[in-house]
Amino acid sequence: MGVISRQLTLPRPAALWSRMLLLSVAVGVLSGLAAAALEFGLHAGSEQLVGRFTHLGGGGVFAFRWGILLLPAIGGLVSGLIVSWLCPHFEGHGTDVLTRAFHREGGELELRGPMVKGAAAIGVISCGGSAGPEAPTAALGAAIGSAFGRALSLTPREKR
C-alpha cells in the first residue's frame, strides 16, 4: 500500500495576503515594543527631571520655581542640538514625514531619524516642553515597517 503525499499550496492571492498578514503582525509587534519603550522613557524622564522640582500632578506645579521656568527651554535647546547633530539631513517633523514617505518615496523611511527624534521628544516632554508622543510613536512604527521591508526586499507597494 502506497501513501500518496500531497503538498498543500495556497492559491496565489491567498498566499500573498497570508504573507502580508504575517509581515504586518511582525511589524505591529515591533512597533508596539518601540511605543512601550517610548512610554517608559517618558515616565522615567518626567520623574527624574520635572519631578525633582515639584510633585507631578499636584498643586505645587503652579508655584514659582526657576527650575520649572527654565527646564522646558533647556530641554528644547538640548534636544534640538542633538537632533541637528545626529541627523542633520532628516527634514520635516511629525506625520508630514510619514505622508511624504508614503506618497513620494515608495514607502522608504530611514530608521535613524525617527529614533533620534523619538529620544529627543522624550527629552523635551520630560523637561515639561509642549510636545506629544503621538508623532514620534507613529514615525517609529513607520520606520520599523520600512526597515523590515528593505530587509525583505519588498516592493514599494508592499512597503506601503
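The values are calculated or read from the model by the stated rules, or taken from the named source; none is laboratory data. Bear in mind the structure is a predicted one, so any value in this text is a computation, not a measurement. Quick reminder, even Gly has a Cβ in these numbers, built from the backbone with ideal geometry, and neighbours come from all protein chains shown. These area figures cover heavy atoms from the full protein model, side chains too; ligands, DNA and RNA do not enter into them. Shrake-Rupley method; radii C 1.70, N 1.55, O 1.52, S 1.80 Å.
Tabulated values for the structure
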quantity: Condition check for Gly28: modelled with pLDDT under 85 and either over 15 Å from Cys127 (Cα atoms) or assigned to a helix (DSSP H, G or I) (or both); calculated: no
quantity: Lone unmet requirement of (1) at pLDDT below 90; (2) more than 15 Å from the chain's Cα centre (by Cα); (3) open to solvent by 30 Å² or more (accessible area, probe 1.4 Å); (4) over 18 Å from Glu39 (Cβ atoms) for Gly128; calculated: (4)
quantity: For Arg157: the one exception among (1) open to solvent by 60 Å² or more (accessible area, probe 1.4 Å); (2) assigned to a loop (DSSP other than H, G, I, E, B); calculated: (2)
quantity: Whichever residue in the range 131-154 is part of a helix (DSSP H, G or I) and polar (S, T, N, Q) and, among such residues, is surrounded by the most Cβ atoms within 10 Å (Cβ to Cβ); calculated: Ser146
quantity: Scan of the range 45-83 for residues that are more than 11 Å from Val124 (Cβ to Cβ) and at pLDDT 90 or above, ordered by number; calculated: Leu81
quantity: Count of the range 76-92 residues which are outside any loop (DSSP other than H, G, I, E, B) and either under 15 Å from Pro136 (Cα atoms) or touching a residue at least 60 places away in the same chain (Cβ under 8 Å) (or both); calculated: 3
